[in-house]
Structures are given as C-alpha cells and as structure tokens.
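Colleague: Pasting a structure here, questions to come.
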Amino acid sequence: MEPVLILILMAAIVVVFLVASTVRIVPQARRYNVERFGRFRRTLQPGLNFVLPVADRINTKLDVREQVYSSEPKPVITEDNLVVNIDTVLYYQVTDPRAAAYEVADYLQAIDQLTVTTLRNVIGSMDLEGTLTSREVINAQLRAVLDDATGKWGIRVNRVEIKAIDPPHTIKEAMEKQMRAERDKRAAILHAEGERQAKILTAEGTKQKDILEAQGAQQAMILRADGEAKAVERVFQAVHRNNADPKILAYKYLETLPHLAKSDNNTFWVIPGELTEAVRTVTGAFGDRSAMGLPDHARAEDTTGGTDSLDAAAAVDEATKQAAAAVNDAKAEAEAASTPTVPSRGLTSGD
C-alpha cells in the first residue's frame, strides 16, 4: 500500500505542477512575451491565459503604461565653444512588446544615447543665448528624431523636455552682470522719462498761466479803453448838446493839461501845438474889457454871452464828472476781471 500511495502522491504533485504551468494570469497594463522552445510564440494579454507546460515559457514582462525617464546631465558644446550641461526628461510608452523585447537589447540605454547625440547636433549649431531661449525648438527637434528612431523598437516618445541647462560659473556671473546692467538701464530710462514728463507738464502749466494772465490783462485794457471811450463820448455829446463856445473849450483844455502829468504810467508828456492858441483865447475871454475900451452894449452882449458860457461850462463840468465816474467804473470792472476768483468752500448761511 505504501508504494501505491507514493505513486498517487507523486501523480498529484505532477498534475498540480502541470496545471500551474499551464495557467498564466496577466495583470492590467502588462504584456508577457511567450516563447515556445526558444522561439517567440505570442504576447499574453491581461487576464487568464493558458500555455503549454514545459514547452512554453515567459521571456519578458513589459509595462505598457507611459513611463518617465530622467537622464543624467550631459556636457554639450555650443556654437560659441561654451560647454553646458543639459539633462532631459523623456516620456515614452511601449506600443509593441515584441519589438521592444527583440528589436533592441536595452531600449532605455538606446534612447539615452540617441538623445545625447541629437542634443549635440542641435545645440552645436546654436550659441549660448539661442540655447537658453530656444527650448521649444530643441524639444521639437529631439522629439522628431527620437520618434522616428524608436518607432521600429516598439517605443513611442510622447514628449521630450529639457529639464535644466547649466552654463559655466563664469558665464553665470557675466549673465548676472548683464542683467543687472539692463535693469539699471531701464531704471535710468524710466527716471529720465518721468523727469521729461514732469518738465513738459510744468511748462504747459506755466504756458496756460501766462495765457490766462495775458487774457486777463487784455480784458482789463479793453474795459479801460471802453470806459475812456464812453467818457470821451459823453463829454463830446455834452459839449455839442450845450453848444459851448470856443472860450470855454479852451479853458477846459488848459485845465486838463496838468492831469496828463499825474498818471503813474506816463514818464513824459507832450504839450500840444495848440497851447498858445488856447492861452490866447482864454486871455481874450477873461481879460479886462473896460481897459480895452469896449462900449457898454458890447459889455452887455458880453455879459449875456458870459451867462451862456457859464451854463456851457457847468454842462461841461457835469459831463466831466460823468466821464470820470465812467472811467472809475471801467477800472473797477477791469480789476475785477484781472483778479482770480477764489472758489467757495461750501459754507452755508449758518456758518
């Protein structure tokens, strides 16, 4: 009985082994390459799979999810003979498990070396400034080359990014000095622009002030001239309305002459040529007629004429006062026009 039990036990063990060798469970996002007697047979998909025991074996197990590979910094020489260290980040995905296992021995190493050679070719045609400012161009060229080369390896390169570009220490110091100089330059330009704008605004304010003052002075002069013109017109009308004779006019003419020298704006004044004629007229008018031997009827006529002349003189005096009042009103209006008006501060009647 004992040999029979041993045989049954051995048979059970063999059956369990065969069953375990036959059944293969593949996880999700995994692919298994199966070889039969050393030759590629098929790729197992996720789930429950059956293989021939002893004849079939699992050669490679691949992950078909997108993978990230970060390379070490590699020295690259630019067009202006500067050595920069560049490290890249690669995003790839296995699309053909058979090609990834049998077309290339180590696809990661192959991709890394291909990335380095492509970087040296691309950056070797750029200077340092172009390298630092053309990352998108470099990424696009790297992706095009890697995608074309890795297609036959069953690898799809989704994205290539340059993680860092490290120039030499001396170049970093020079770049920092250049950036500092550019900032100082922009600050000086902005300061100069501010000063220029301030001077322009100040000049415009001064210009507007001068214009307003000139306009105020012009309005004052116009008002003064209008007042004086009205005064002269009133005097003229009064004289002609009262029919003043030349003797009264000559007397007023001489009476007005001293006022010409009292004006603050006059530094000199001119005596008209008619002064002698006016003096002769006044002398003839107010001289002693009895001494001149005039007859009595002439004196009576002169007395009558003198009364008319006195009425005319009174009219002229009244017209002169009205003219002076008109001039004073015109001056007051001119001063009010030239004086700046202070805006009210919102005071109420109860304040």
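Colleague: Summing Lys, Arg as +1 and Asp, Glu as -1, what charge do residues with Cβ under 15 Å from the Cβ of His169 carry, His169 excluded?
Modeller: Taking every other residue near His169 into account, the sum is -1.
Colleague: Can you sort Leu5, Leu108, Leu190 by 1.4 Å-probe accessible area, starting with the largest?
Modeller: Of Leu5, Leu108, Leu190, the descending order of accessible area is Leu190, Leu5, Leu108.
Colleague: OK, next. Carbon and sulfur: what percent of the stretch 1-146's accessible surface (1.4 Å probe)?
Modeller: 58 percent
Colleague: Continuing with the same structure: Under 5 Å between amide hydrogens, which residues at least 5 positions from Arg159 or on another chain qualify, with H placed 1.01 Å from N in the peptide plane?
Modeller: Tyr91
Colleague: Given bins 10 angstrom wide, list per bin the percent of all Cα-Cα distances in the stretch 60-113, short to long.
Modeller: For the stretch 60-113, the pair-distance distribution reads 20, 42, 22, 13, 3.
Colleague: What is the distance, in nm, between label points placed 7 Å from the Cα along the Cα-to-Cβ direction at Ile8 and at Ile200?
Modeller: So the two model labels end up 11.0 nm from each other.
Colleague: If you average 1/r across every pair of different Cα atoms in the stretch 139-235 and take the reciprocal, what Kirkwood value do you get, in Å?
Modeller: After inverting the pairwise mean of 1/r, the radius is 21.8 Å.
Colleague: For the pairs Lys74/Lys172; Lys209/Lys230; Lys185/Lys209, flag any whose C-alpha to C-alpha distance is greater than 29 Å.
Modeller: Check vs 29 Å cut-off fails for Lys209/Lys230; Lys185/Lys209.
Colleague: Keeping every protein chain present and rolling a 1.4 Å probe, give me the accessible area per residue for the stretch 72-126 in Å².
Modeller: On a per-residue basis, 48 Å².
Colleague: A follow-up question, please. Dipole size in debye (nearest 20) for the stretch 116-191 around its Cα centre, Lys and Arg Cβ +1, Asp and Glu Cβ -1?
Modeller: Roughly 160 debye for the stretch 116-191.
Colleague: Now, a different point. What is the distance, in nm, between label points placed 7 Å from the Cα along the Cα-to-Cβ direction at Ile211 and at Leu48?
Modeller: The modelled label-to-label distance comes out at 9.7 nm.
Colleague: How many percent of the alpha carbon pairs in the stretch 12-145 exceed a separation of 21 Å?
Modeller: Distances greater than 21 Å cover 57 percent of the Cα pairs.
The values are calculated or read from the model by the stated rules, or taken from the named source; none is laboratory data. What you see is a predicted model, and the numbers here were worked out from it, not measured in a lab. All Cβ positions, glycine included, derive from the backbone under ideal geometry; neighbour counts span all protein chains shown. Please note that ligands, DNA and RNA were not included when accessible areas were found on the heavy atoms of the full protein model with its side chains. Shrake-Rupley method; radii C 1.70, N 1.55, O 1.52, S 1.80 Å.
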